[in-house]
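Beneath this line is the structure, given in structure tokens, with notes to follow.
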Amino acid sequence: MFVKVRGKENIVPGRSYVVVGNHQSQYDIFVVYGWLPIDFQWVMKIELRKVPIIGYYCHKAGHIYIDRSNSAAAVATINAAKAKICGGTSVFFFPEGTRSKTGQLLEFKKGAFKFAIDTALPILPVTIKGTRDILPANSIALFPGTAELIIHPQIDVTGYTDDTITELMSVARKLAGY
């Protein structure tokens, strides 16, 4: 497997971001870990905490688990996570909330964008391509191929509010070419 990266110049060293990316495959995680040149914490569903080995190490690494079935608990977790995201550490969201089975981008959930507005951190959209063919859904078979990670220009969230959050979500989708 090969990975091409474009847009590294869009990252300001030492800056914290709310990173948002599309989600096609479990292989997305390897691409982001291996080729996104920033320090970040994942936001992931609480169910992944139970996955042997991976759940334990993600917990120890300080990644952020969200209980999507309990809105109050999810909000409390995100609020507690805000203190971790500073000094160049970023937070990574898959705003679709799950992998797309068809390759078509799913609707975004508001969490990442609310987090960005509340913390006044810029959004750094990324696009991941080709991973769906390398590690298809419902499979553990890896296939040869090339993935691409595109790092888009950051989005300044200044001026956005809870009332204009859908506009911000739309800007992110358009900038990332979704």
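The values are calculated or read from the model by the stated rules, or taken from the named source; none is laboratory data. These figures come from a predicted structure and were not determined experimentally. With ideal geometry, Cβ positions are generated from the backbone for all residues, glycine too; neighbour counts draw on all protein chains shown. Just so you know, the surface numbers come from the protein's heavy atoms only, side chains and all, with ligands and any DNA or RNA stripped out. Shrake-Rupley method; radii C 1.70, N 1.55, O 1.52, S 1.80 Å.
Worth a mention:
- Leading residue by the ranking (modelled with the highest pLDDT) among those in the stretch 68-87 that are within 17 Å of the chain's Cα centre (by Cα) and not in a helix (DSSP H, G or I): 85
A quick yes/no check of all residues on (1) modelled with pLDDT under 90; (2) closer than 21 Å to residue 63 by Cα:
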site: 95; (1), (2): yes, yes
site: 101; (1), (2): yes, no
site: 108; (1), (2): yes, yes
site: 117; (1), (2): no, yes
site: 122; (1), (2): no, yes
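- No other residue among 146, 166 is over 23 Å from residue 5 (Cβ atoms) and at pLDDT 95 or above apart from 166.
- Any hit, the stretch 38-56, residues being modelled with pLDDT of 90 or more, more than 19 Å from residue 137 (Cα to Cα) and open to solvent by 90 Å² or more (accessible area, probe 1.4 Å): no
- Looking only at the stretch 105-121, residues that are free of Cβ contacts under 8 Å to residues at least 12 places away in the same chain and either touching a strand residue (DSSP E or B) at 6+ places or on another chain (Cβ under 7 Å) or open to solvent by less than 40 Å² (accessible area, probe 1.4 Å) (or both) come to 0 in all.
- Qualifying residue in the stretch 80-91 (condition: under 18 Å from residue 28 (Cα atoms) and either out of contact with any helix residue (DSSP H, G or I) (no Cβ under 9 Å at 6 or more places or on another chain) or surrounded by 13 or more Cβ atoms within 10 Å (Cβ to Cβ) (or both)): yes
- Considering the stretch 122-178, the residues that are in a loop (DSSP other than H, G, I, E, B) and in contact with a His (Cβ under 9 Å, 6 or more places away or on another chain) include one that is surrounded by the most Cβ atoms within 10 Å (Cβ to Cβ), namely 176.
- Being among the aromatic types (Phe, Trp, Tyr) and assigned to a loop (DSSP other than H, G, I, E, B) is true of residue 108.
- If the condition is being open to solvent by 30 Å² or more (accessible area, probe 1.4 Å), closer than 30 Å to residue 138 by Cα and among the aliphatic types (A, V, I, L, M), then the stretch 4-37 contributes 5, 29.
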